Amino acid sequence: MLKDKHILLGVTASIAAYKAANLVRLLVKEGARVKVIMTPASHHFITPLTLSTLSKNPVHAEFADQQGNWVNHVDLGLWADAMIIAPASANTLAKMANGICDNLLLATYLSARCPVFFAPAMDLDMLKHPSTQSNISKLLGYGNMLIPSGFGELASGLTGSGRMEEPEQIVEIVNEFLSGDKPLSGKKALVTAGPTFEAIDPVRFIGNHSTGKMGVALADVLHEQGAEVVLVAGPVSVNLSTKPYRVQHVVSNEEMYAQCMSAFPEADIAIMAAAVADYTPAAVADSKIKKKDGDPLTLQLKETKDILAALGKSKKAGQVLVGFALETDDEEVNALKKLQKKNLDAIVLNSLKDAGAGFGTDTNKVTIFSGSGGKFESSLRSKKEIAQEIVTYIKTLL
Ligand code: CTP
């Protein structure tokens, strides 16, 4: 509940400013006391009269009101329990990131001591631009909280990421934060991470380049949000010894399968981020295979168990099952096929064609598809930030 919470809403010049009216209405309905500050240019998109009527408070945009009295941005900043900048235009984000203070909204942002949320809204190419991305990263680095933009049709007529998150979701995010409730308290989550190694003989194996960073970031975020986590980790390159949740170490597909099948019936959320081997040697040699002096060596391989598909088969109502698809060609078509075939609620597509995404990097870029036709496209971000975006998306499926 936001009862009696003081919310300062900053509205900037974006077509999504029309959604600010609904946002104010929902905040007031939740019991919050709302004050709105607008940038001067945002008046082209929505009138102060609409927002002052809905918020039941005067709306400010200038450093002095019509009587010439100073509008005290310091008091406004101190009054607020939370500040939400929604929509946050590219221009305002750039100014916030760089300490520019040429309007009342920016002065209030700089004075505010409360948590600040920002919900970008702009055209897809503006959002993708490296300068905007670096401004968003800077703002995250200052402790501000990003409410990621959704994917869909934009005012320009183009389709992509840049739509401001819906007011209902924004209210929920702020509500969760201010009430101190961890949003996933009471939920159990199963995550897989890393590669599997399939033994050829006592010294050799078939493996892959996965380091486990993405799966571990997901387990971290789920734990931070209150979920009881079981991480089934293949031979990852990440130190797991100090993790505050249960880690089950495995090596092969067979071991990962057994751990997942045993943990899944209890899980509310299962995310299979591991790069599991699809094939394993048909027979493991008992002793080291010796070189054959020029003769080729043929290994007979057999298919491994598809863990994700097995979980999909045994999934019960209320469980959310999420897979990953690492693709190099026909990415979207292949991901959607896996979503259907393995009975998933969502699939996270990683394209190896995207620079900075995939194995071993500290960054990633993903597209999430849901079973009900939803789609979310991330920008290139740290794996932790991507994990936060994936978990935010999964919460909407619970
Ligand atoms: N997966 C699994 N068990 C396997 C293989 C894959 O649980 N034996 C899971 C992965 O953890 C991932 C998803 O299935 O969440 C997709 O993995 P991927 O290798 O992209 O797909 P495959 O189904 O193996 O198909 P292909 O390799 O032919 O693309």
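The mean of 1/r over all pairs of different alpha-carbon atoms in the stretch 125-249, once inverted, gives a Kirkwood hydrodynamic radius of 17.8 Å. Between helix 213-224 and the chain there is an angle of about 50 degrees, using the helix long axis and the longest principal axis of the Cα atoms.
If you take every DSSP beta bridge fully contained in the stretch 169-283, what fraction is antiparallel? Give it as a percent rounded to 5. All intermediate terms of the calculation are to be shown ahead of the outcome.
Values: 2 of 17 bridges.
So the antiparallel bridges in the stretch 169-283 amount to around 10 percent.
By how many degrees, 0 to 90 and rounded to 10, does the Cα axis of helix 18-29 deviate from the longest principal axis of the chain? Computed tilt is about 90 degrees. When each of 240, 93 is scored by the number of other beta-carbon atoms lying within 10 Å, the sequence from fewest to most is 240, 93. Using a cut-off of 18 Å between Cα atoms, the listed pairs 302/337; 341/365; 5/35; 5/29 include 302/337; 341/365 as exceeding that distance.
To the nearest ten degrees, helix 253-263 and the longest principal axis of the Cα atoms of the chain are 50 degrees apart. Pairwise Cα distances in the stretch 54-190 exceed 18 Å for 62 percent of all pairs. For the stretch 215-266, the ratio of Cα radius of gyration to the globular rule of thumb 2.2 N^0.38 Å stands at 1.11.
Using only alpha-carbon positions, what ratio does the radius of gyration of the stretch 236-338 give when scaled by 2.2 N^0.38 Å?
On the way: Rg = 17.6 Å, N = 103, 2.2 N^0.38 = 12.8 Å.
For the stretch 236-338, the normalised Cα radius of gyration is 1.38.
Projecting the Cα positions of 323, 109, 16 onto the charge dipole of the chain (unit charges on Cβ atoms of Lys, Arg, Asp and Glu, taken about the Cα centre) puts 323 furthest along the positive direction.
Rounded to the nearest 500 deg cm²/dmol, what is the calculated helix-only ellipticity per residue at 222 nm for the chain, with -39500 (n - 2.57) per DSSP H run of length n ≥ 4? Can you show the working numbers first?
Working: 13 runs with 131 residues, N = 398.
Mean residue ellipticity, 222 nm, calculated: -9500 deg cm²/dmol.
For the stretch 283-398, the direction-averaged projected area of the alpha-carbon convex hull comes to 10.7 nm². The tail of the calculated P(r) for the chain beyond 30 Å holds 47 percent of all Cα-Cα pairs.
Where a number appears in this text, it was derived from the coordinates with a stated rule and is not lab data. Since the model is a prediction, treat every value here as computed from it, not as a measurement. Note that each Cβ is placed from the backbone with ideal geometry, even for glycine, and that neighbours are counted across all protein chains shown.
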